[in-house]
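What follows is calculated from the coordinates using simple rules that are stated; it is not laboratory data. On a predicted model such as this, the values are computed, not experimentally measured, just so you know.
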């Protein structure tokens, strides 16, 4: 378990990103071959349901808000076409993930969940567990009755203390989140929690704090488990980070097959676009250099790690959005 200090991004001691970095997809600023990741096995397909969210968080990498509709609501029919492609081509996808924005703001979400679950996929939904979820309780309960623990929900809690959570999520966001979280637990849903390594605390301190929260709320979650409590590294594309060259794999002792883009892809629909497109992962929704095509068959090529998030989140942070399993 990591013991390094982690700070919120209000810590301005970090240097600004060198503008010459992450410019050439083939080579780094030092002229070394840039690292690439081959698709080892497509296990998880992420669906971005749209960038609109009921709240606006400080430091949201996707800039979700009640006004940001750069990513349009994807439709049930569009998602079904990708499920058809998975089955038609015999792709080894076992998990369908839904992210946003806030997925429950998309009116087609219950239908998309039902479609994926009825075809035998595991489904993971990332949610803030606030009003959009609360308003879909009846539909969500009915889906769980039919499919049980094949449906899992990961609730975002930025800190175990309400006041620090609300520094990121905004005023009056704690109580609605707790209401949704406790309802999910009481109804027997498979739930996990996601938090950020953004505070001046060790990972052990953060996990201990969440252990107290879980116990106090009667939640059967193990804060010491990386599966029950997922801690994501802070991401800031303006902060200076090292580029990853092919030589870095051996230097860092990191296997490219462990990167998120070795096993996953994400579908987004841009506002005004005629059709959705496929991207390597959940972290790069707006960068068009990472568009791979409109179908999964178009998206099987290697991914060049030409973005700060590739270094911060995946290679150096060792993180992944997938539910795994």
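Averaging the Cα positions of each part gives two centres, and for segment 224-263 and segment 57-75 these lie 24 Å apart.
Beta bridges assigned by DSSP with both partners in the chain are antiparallel in approximately 25 percent of cases.
Would you mind giving the three semi-axes, in whole Å and largest first, of the ellipsoid equivalent to segment 125-217 according to its Cα gyration tensor?
Numbers: eigenvalues 124, 43, 22 Å².
Listed largest to smallest, the semi-axes of segment 125-217 are 25, 15, 10 Å.
Taking Rg and Dmax of the Cα atoms in Å straight from the coordinates, which label in [x] 20.0, 61; [y] 19.2, 56; [z] 24.9, 88 is the correct one? Looking at Rg and Dmax of the Cα atoms in Å for this model, the match is [y].
Could you tell me the center-to-center distance, by alpha carbons, between segment 37-55 and segment 164-218 in angstrom? Centre-to-centre (Cα) distance: 23 Å.
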